[in-house]
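The values are calculated or read from the model by the stated rules, or taken from the named source; none is laboratory data. As the structure is a computational prediction, the values presented were derived from the model and not from experiment. Using ideal geometry, Cβ is built from the backbone for each residue, glycine included, and neighbour counts are taken over all protein chains shown. All accessible areas refer to the heavy atoms of the entire protein, side chains included, with ligands and DNA or RNA removed. Shrake-Rupley method; radii C 1.70, N 1.55, O 1.52, S 1.80 Å.
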Amino acid sequence: GRLGCARSAAALSRGLEPHSCRTDTGAMPLTVERLEACVDHVAAASSSAEALDHLSEVLEVLSSRSALAEAGIRGISASGPSYDYVGICAAIERLLCKASSRWQRDVGEAVRNAVLVAMPHQPPQAPIKEADASAVDMAAGSRDVEIANSPHDISSDSSGEGRAAIAAVPSPDMSDSHGSDQLPRHPGVLADAQGSAPMQADDAPAALEDDIREPFSCVSVLLAALLPLLTDALPRDHSGVCIIPHPHVMEKQQAAFGMANGRPAFRTNKICDNCGQRIQDQFFFHCAQNCDIDFCQECHRKSQELLANFLERAGDASRESAYRRLFWVIDVTERVGFHVLRRSVDDRARLANELAFEWPTPMFERLTQAAIDVVNAKVVHVQDVKDITSDSCFWYAIGWLQFLYSVNQLPCSTRRVDEQGARGPKVEYERFILEGINKCEPLSEFQRWQKHPSAKAPDVLAIEEFVLTADFCSFLTHSNLVPVSFRRVCLLCDVWDQIQQIQREQIQRTGGCVTPLELEVPRGPCWALLEAVLHAFKGKANIELRRPLRVTFLGEEAVGPGPLREFFQVALRAFLDGSAGACGELAKGSSTRLFRCNGQRRSYWFDEEVDNPDAFRACGILLGQAVLNNVLVPNIFPPVLYECLLHDLGSPCARPLGLEDIAMISEEIAQSLQCVLDYAKEDIGEVFGDLGWPIGGRLTEESRLTLDTKREFVQAYVDWFFRDRVAKQLNPLCDGFRAILGGSSLLRSMIDSVQLEKIVCGGAIPVDAAAIRLGATYEGWTEEEQSAYLPMFWEVLASFTEAEKVKFVVFVTASDRVPLKGWQDLGLIVHKNGVGDDRLPTAYTCFCQLLLPKYTEKERLRSKLLLAIASSEGFGLR
């Protein structure tokens, strides 16, 4: 009766399973209309108890998978029932909205507990298997061990060897009156809805036998109902990446005073776990429970503001309730992954088709983002644990995200009868990139990857039985989810590992050590710079070239990262612009440039008339050295060049070249070849002939152009175009690039051409002054000047045109490329450089430091800054 329903609702609100949480077999299925009516009654309720009473039917359905399978049905066809996912999601969203329900806190708690009844089992803490199914000598410890024997310490490492959580955000200071035991437990040690302990591996088959017989169609309905609870549910850092707040008090501590480089300085021997910079402030903050977490003053201030804003926006009754809700989101996401991946391949395929073709794209985007948010929040804490495979819950969340990635691809390979062609993906693939991985330790991950370099993430839709293996439990295995910036650093770890091996061998053989490859070059003219570069590289073996560069300019004392970045700028520009005239000496009398500019595409390609292998090899060496020295170079070559570099390395990630690649070089040729493919008459050979193909006259009769062979003919032309037509230029450039990076197993196995282009050149995102400001630091300014004068500087910078902003970036960094992690990672230091309207701003490009005088008025600041950046050495396409 109604009283029994009310008792069930009250039990669910307390996190207990009611005695009668299953819908009677004869009960009418919950329709969207009845769900909306329940929501209306809840909104009109005069008390929390009355609201839960009206909600009892909804709670019973949410806690029963058999009832969920019948809820929200809007029609039944030969292929099965169709569900009103939008209506379900909208009703639950209104139910939990502050504006429409005064009781949304209690209602939300009851709904969350009901969901845990429907999914009572967590991923078992089972040992991770090796890929060949043999046992691995790393039994996964209990989650209590993983979190250092503390029910709420999610970031410390009991061994002391784990890396501190870079993005862990300290919670607001908590007095002892709260009691640490009241803090929410980590999702891995949360009891399930029945109050039982986490399921162990030995209990899994029996405990899950009933689940497997449940109708799997309930999952898509449950996900639609869960969506409002999962969306935007976790706090984000200043770059928009979700994080888990550090739950302990951060105590203020004073640094020791000493001398550094002959100057007085505060010394802490600590790295800030938020910005990653060495802490040199007089005061810093350390975890009161002695977790390996430290923050500089600025990051602590920002994190406090961030967390306070999140708690205010969340509207929870207390900090503890907010933390419970936060960890529930993580817990339920991991449970969803476990429940989906353990089902049969047919069940997974049915759910995938529902999400791909029946779910609206905006809802699928929200579901995907919710999974990404959870993984981003946990990823750095998972790596902090010595045994990264021990958190099987997290890896089921990764598996769930891979499932959604596969779902996203289904429209690309499916064509419906009423559609002209296959659709594109539901969301852009870039949305799946886990930026939180950037906060992890690349060297540790690279060393893990070295143990199984050939591992690939399985297709979770096609695999018969999903089993966690040691291969699966590695970030780099999931190459489609790893940010390019993280891959770039791992690539550097790979190359430097080889350099150190060479150094060890050289020490054993000769007693010497590997020294930097020193270059002393003139700034100009172009021919002199090119001569110096070619002379430095010519005749050197690969092992001699695979060393970091140390560059100085003739007549200048400066050395370090600033001159190095400038060298790559001026050297590459000399290769593009310096071969005419004076550089003709290098080209043996030819006055043709090494590269020709495609003005329409703003890129450069080989001049096919030039035969100068030393110059092209040197250009390839420069591209490889730019990666080795962690310098981003201008994006001056078409993307197909990076595809050619991967083909030369024999990478499995290199795709076959096609018409779209030729179009990057010559749209006219690509259009002609497309006309061949489109032509449908028997006289195709007479109409098109051999297309001016030099080897066309030597084709056999079977290879000549006919309707039957036109595709093979066009592909053969494409292959000839890139393999033979520019062989004299492309092959030596590939040789030079391979000399520096060819030994990288990571580059040869898991980086595609788009990623390689970003590794070499960075991104091409417009300058974002607001993002630069987020990552900026200040030196020499008083607090009053920071609050009154410096905002004027940022207003001036934001008002610049796009071209002026690029000049500013070049002025302070000697490069116009966006850092791979975004403009907030530029690391601009704004240093006060005196007072006076007669001064000009200057910059130290080595340190990305702007020396800014204090001016009397805003217009004077603007005019002086524009005058200073006008003479900066930008890299432009001519």
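Here Val760 meets the list (1) closer than 23 Å to Phe847 by Cα; (2) not in a helix (DSSP H, G or I) almost entirely, failing just condition (2).
The listed residues are Val610, Val640, and the only one of them that is open to solvent by less than 10 Å² (accessible area, probe 1.4 Å), outside any helix (DSSP H, G or I) and over 11 Å from Leu733 (Cβ atoms) turns out to be Val610.
Within the stretch 660-686, residues that are in a helix (DSSP H, G or I) sit with their Cβ atoms under 7 Å from residues that are open to solvent by 80 Å² or more (accessible area, probe 1.4 Å), at 6+ positions apart or across chains, in these pairs: Met664/Arg601; Leu677/Arg711; Gly685/Arg704. Just one of the numbered conditions (1) assigned to a helix (DSSP H, G or I); (2) more than 30 Å from Gln104 (Cα to Cα); (3) open to solvent by 10 Å² or more (accessible area, probe 1.4 Å); (4) of a type outside the set (A, V, I, L, M) is not true of Arg343: (1).
Could you tell me how many of the residues in the stretch 346-369 are in a helix (DSSP H, G or I) and open to solvent by less than 10 Å² (accessible area, probe 1.4 Å)?
The initial filter retains those residues of the stretch 346-369 that are in a helix (DSSP H, G or I), namely 346-358, 361-369.
Narrowing further to those that are open to solvent by less than 10 Å² (accessible area, probe 1.4 Å): 348, 351-352, 355-356, 364, 367-368.
Of the residues in the stretch 346-369, 8 are in a helix (DSSP H, G or I) and open to solvent by less than 10 Å² (accessible area, probe 1.4 Å).
Does the stretch 65-81 include one or more residues that are part of a helix (DSSP H, G or I), modelled with pLDDT under 90 and of a type in the set (A, V, I, L, M, F, W, C)?
Initial filter on the stretch 65-81 (part of a helix (DSSP H, G or I)): 65-68.
Now narrow it down to the ones that are modelled with pLDDT under 90: 65-68.
The next check asks that each one be of a type in the set (A, V, I, L, M, F, W, C); those that pass are 67-68.
Yes, some residue in the stretch 65-81 is part of a helix (DSSP H, G or I), modelled with pLDDT under 90 and of a type in the set (A, V, I, L, M, F, W, C).
Under the condition of being open to solvent by 10 Å² or more (accessible area, probe 1.4 Å) and over 33 Å from the mean Cα position of the chain (by Cα), the residues counted in the stretch 560-575 number 0. Taking the listed residues Val117, Val86, Val32, the one that is open to solvent by less than 30 Å² (accessible area, probe 1.4 Å) and either modelled with pLDDT of 90 or more or over 28 Å from Asp316 (Cβ atoms) (or both) is Val32, with no other qualifying.
Residues in the stretch 374-383 that are open to solvent by 10 Å² or more (accessible area, probe 1.4 Å) and either among the basic types (Lys, Arg) or in contact with a strand residue (DSSP E or B) (Cβ under 8 Å, 6 or more places away or on another chain) (or both): Asn376 alone.
Cβ separations smaller than 7 Å between residues 6+ apart or across chains give the following pairs from the stretch 284-302 residues that are farther than 11 Å from Glu251 by Cα to residues that are aliphatic (A, V, I, L, M) and assigned to a loop (DSSP other than H, G, I, E, B): Asp292/Ala164; Cys296/Ile279.
In the stretch 421-438 there is at least one residue that is at pLDDT below 85, surrounded by fewer than 24 Cβ atoms within 10 Å (Cβ to Cβ) and either among the aliphatic types (A, V, I, L, M) or part of a helix (DSSP H, G or I) (or both).
Cβ-Cβ contacts under 8 Å between residues 6 or more apart (or on different chains), taken from a first residue in the stretch 466-485 that is more than 19 Å from Glu757 (Cβ to Cβ) to a second residue that is acidic (Asp, Glu) and open to solvent by 10 Å² or more (accessible area, probe 1.4 Å), are listed as Thr469/Glu130; Ala470/Glu130; Asp471/Glu130; Thr477/Asp471.
Checking each residue in the stretch 317-339 for being surrounded by 17 or more Cβ atoms within 10 Å (Cβ to Cβ) and at pLDDT below 80 picks out only Arg319. Look at (1) free of Cβ contacts under 8 Å to residues at least 60 places away in the same chain; (2) open to solvent by 40 Å² or more (accessible area, probe 1.4 Å) and you find that Ala314 fails only one, number (2).
Counting the residues of the stretch 717-730 that are part of a helix (DSSP H, G or I), within 37 Å of the chain's Cα centre (by Cα) and buried (at least 17 other Cβ atoms within 10 Å of the Cβ) gives 5. For the stretch 810-827, filtering for residues that are under 13 Å from Gly775 (Cβ atoms) and out of contact with any Lys or Arg (no Cβ under 8 Å at 6 or more places or on another chain) leaves 10.
Annotation note: Cβ proximity below 9 Å between a residue of the stretch 336-362 that is hydroxyl-bearing (Ser, Thr, Tyr) and a residue that is part of a helix (DSSP H, G or I) and open to solvent by 10 Å² or more (accessible area, probe 1.4 Å) (sequence gap 6+ or interchain) occurs for Ser344/Ile212. Taking the stretch 194-291 and the strands (runs of 3 or more DSSP E) fully enclosed by it, the elements with 3 or more residues that are at pLDDT 85 or above are at 250-254, 283-287.
Considered as a group, the residues in the stretch 806-825 that are open to solvent by less than 10 Å² (accessible area, probe 1.4 Å) and in contact with a strand residue (DSSP E or B) (Cβ under 7 Å, 6 or more places away or on another chain) include one that is nearest to Thr842 (Cα to Cα), and that residue is Val812.
Residue count for the stretch 786-805 satisfying the condition of being surrounded by 14 or more Cβ atoms within 10 Å (Cβ to Cβ) and of a type in the set (Asp, Glu): 1. Under the condition of being in contact with a strand residue (DSSP E or B) (Cβ under 9 Å, 6 or more places away or on another chain) and of a type in the set (Lys, Arg), the residues counted in the stretch 594-631 number 1.
Could you check how many residues of the stretch 34-77 are farther than 17 Å from Val221 by Cα and polar (S, T, N, Q)?
Count: 5.
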